[in-house]
Amino acid sequence: MEVSLSQLRTVLGSAVIFLKCSIIWMISSLIVLSGNAWSSEAALQVAFVYNFIKFIDWPAETPSPSLRLCVVGANKEMHEALDQLNGKSANKREIELVYLTAATNASPPLESCQMIYRPSRSMVIALPQQLPKGVVLVAHEQDQRDPSASIILIRNSEGRIEFEVNPTAIAQAGIKISSQLLKLAKNAQAVQAGKNPL
């Protein structure tokens with residue numbers, strides 16, 4: 001069976017169009033997947049923060065019916081994920097979200113926050129080295145550890161998010177963390193042995 005040159009060109013042209021369409025589809029799929037991965041990553045971080053709130057007892061000096069969660073330098077995706085916590089109840093207290101940006105210059109005062117959350121990929125906003133009593137800093141760290149952070153979210157070698165607790169910062173904040181939560185910390189054995197590995 002002989003194939004004419006024009007038929008061969010038609011077949012090759014169709015194959016090239018198919019290949020181009022396949023490549024475009026693959027690229028768009030990767031973009032969507034990376035977007036979804038970040039969305040689920042943000043949601044996972046927010047789930048950790050919410051559970052931290054549920055397992056922390058704040059000192060009696062902060063008997064407010066609401067619990068103020070101040071978020072430092074969150075980007076748009078993190079805003080969207082965190083917004084679902086606004087007004088949600090935890091330990092019979094309603095969560096009130098406050099976003100701190102470079103423009104707000106850490107206003108309202110940090111004393112009015114019960115928890116400060118600094119997500120990964122956040123804008124750099126300076127916080128004081130010593131936080132006010134009753135304020136818990138939860139930080140998602142990449143390489144370095146913030147000594148003022150009470151709870152540190154980290155990514156392990158398998159890509160999963162884990163957390164460590166900093167007993168010194170917890171003591172300085174004057175808060176109590178549930179033993180159930182402490183048992184889940186990556187550094188639980190060191191904390192129970194009375195060491196501060198951070």
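Would you be able to tell me the number of residues in segment 144-193 that are surrounded by fewer than 17 Cβ atoms within 10 Å (Cβ to Cβ), modelled with pLDDT under 85 and under 24 Å from residue 134 (Cβ atoms)?
The qualifying residues number 3.
Does residue 122 count as within 21 Å of residue 76 (Cα to Cα), over 20 Å from the mean Cα position of the chain (by Cα) and modelled with pLDDT under 80?
no
Within segment 68-78, which residues are on the phi < 0 side of the Ramachandran plot and modelled with pLDDT under 90?
72, 74, 75, 76, 77, 78
Of all residues in segment 27-67, how many are in a loop (DSSP other than H, G, I, E, B), modelled with pLDDT of 70 or more and open to solvent by less than 40 Å² (accessible area, probe 1.4 Å)?
2
The values are calculated or read from the model by the stated rules, or taken from the named source; none is laboratory data. Keep in mind that this is a model prediction, so the values were computed, not measured. All Cβ positions, glycine included, derive from the backbone under ideal geometry; neighbour counts span all protein chains shown. These area figures cover heavy atoms from the full protein model, side chains too; ligands, DNA and RNA do not enter into them. Shrake-Rupley method; radii C 1.70, N 1.55, O 1.52, S 1.80 Å.
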